[in-house]
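Note sheet for the following structure.
The values are calculated or read from the model by the stated rules, or taken from the named source; none is laboratory data. As the structure is a prediction and not an experimental result, all values here were calculated from the model. Ideal geometry is used to build each Cβ from the backbone, glycine not excepted, and the neighbour counts take in all protein chains shown.
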Amino acid sequence: MSGIRGKVVAITGASSGIGEATAIHLAERGARLVLGARREDRLGAVVDAITANGGAATGVVVDVTRREDLVRLTGTAVDRYGRLDVLVSNAGTMAVSPFDDLRQDDWDAMVATHITGLLNGIAAALPVFRRQRSGHFVTVGSTAAYVVKSPQAVYAATKTAVKVLTEGLRQESGPDLRVTLVSPGFTHTEGIGKGAGPEIAAAMTRQRDEIAMPPGAVASAIGYAIEQPDGVDVSEIVVRPTVQA
Ligand code: NDP
């Protein structure tokens, strides 16, 4: 199936930012959506906005660090729509800090969300895609995987893992599946600085307000990869504000 219309797309981290913008972008183009995140109220608001606009969306409360939650997300797509065409693994946390702060819980959360969370999504969707003999993994990485900037080393390391896992998955995917890594630069979302210490959060939100691109720019890149004909795999897209070095 080419294009976006009619495709069944599951998105993690769809309650705000890039995930929300992607859901809206794809819904406007006729995709049927299954949206996952932990904050039920925010997820519900995204689902309501899409359905009020004539789109098709269902929300599933999901913590990507839990295997069974990803199985529930992909299972909801299959139960409700009979198939799953695309899994967008977008959930993430940018709680960056210098090593000296020893914010080990934040380190653990980034490892669990970006690495374990991605693997949980692969494990839940791959058998569905193999059964269908079609499917598309889209993963959201970061320009932080290309250039390490202090104090983002742990975040950058986990996003480097996303890049590596995505490329390995692509190599093993065979002719029936498509695999796309989308690596955004600075994007204007509430996630910038969230969970970071006050000084870093202030610096990041200041930089965000000066240079960040809208989340719709990333949503368009994801949409571009999805809308290609079946035999065409857009393997990697880096999208950043022109003013980002
Ligand atoms: P947001 O904070 O707006 O979005 C993050 C999303 O992830 C939220 O929907 C959040 O929902 C969800 N999430 C976080 N942890 C979990 C979890 N354990 N289980 C399920 N959902 C989770 O920030 P962005 O939109 O900016 O971030 C989206 C992705 O884009 C992330 O992977 C981020 O690393 C990446 N990115 C962002 C950039 C930027 O400049 N903004 C640049 C490069 C990459 P909830 O809290 O409801 O669970």
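Rundown of residues vs (1) touching a residue at least 12 places away in the same chain (Cβ under 8 Å); (2) away from the ligand (no atom under 12 Å from the Cβ), yes/no style:
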{"position": "D100", "(1), (2)": "no, yes"}
{"position": "A109", "(1), (2)": "yes, no"}
{"position": "G117", "(1), (2)": "yes, no"}
{"position": "I122", "(1), (2)": "yes, yes"}
{"position": "H136", "(1), (2)": "yes, yes"}
{"position": "T139", "(1), (2)": "yes, no"}
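Considering segment 52-78 alone, what residues qualify as being assigned to a loop (DSSP other than H, G, I, E, B), without any contact (Cβ under 8 Å) to a residue 40 or more places away in the chain and not polar (S, T, N, Q)?
Going through segment 52-78, the residues assigned to a loop (DSSP other than H, G, I, E, B) turn out to be 53-55, 62-66.
When the remaining residues are screened for being without any contact (Cβ under 8 Å) to a residue 40 or more places away in the chain, the result is 53-55, 63.
Selection gives G54, G55, D63.
Which residues, counting only those in segment 201-230, are more than 23 Å from R32 (Cβ to Cβ) and assigned to a loop (DSSP other than H, G, I, E, B)?
A212, P214
Looking across segment 1-41, the residues that are part of a helix (DSSP H, G or I), closer than 16 Å to L73 by Cβ and not acidic (D, E) come down to G19, T22, A23, L26.
Please determine whether any residue of segment 166-173 is surrounded by 17 or more Cβ atoms within 10 Å (Cβ to Cβ), more than 11 Å from the ligand (Cβ to nearest atom), modelled with pLDDT under 95 and more than 16 Å from the chain's Cα centre (by Cα). Checking segment 166-173: not a single residue is surrounded by 17 or more Cβ atoms within 10 Å (Cβ to Cβ), more than 11 Å from the ligand (Cβ to nearest atom), modelled with pLDDT under 95 and more than 16 Å from the chain's Cα centre (by Cα). Check whether at least one residue in segment 190-200 is near the ligand (Cβ under 10 Å from one of its atoms), of a type in the set (D, E, K, R), over 18 Å from S89 (Cα atoms) and part of a helix (DSSP H, G or I), and report yes or no. There is no residue in segment 190-200 that is near the ligand (Cβ under 10 Å from one of its atoms), of a type in the set (D, E, K, R), over 18 Å from S89 (Cα atoms) and part of a helix (DSSP H, G or I). Within segment 140-150, at least one residue is modelled with pLDDT under 95 and farther than 28 Å from Y224 by Cβ. Where residues in segment 15-46 are polar (S, T, N, Q) and touching a strand residue (DSSP E or B) at 6+ places or on another chain (Cβ under 7 Å), which of them is nearest to the ligand (Cβ to nearest atom)? Only one residue fits best here, namely S15.
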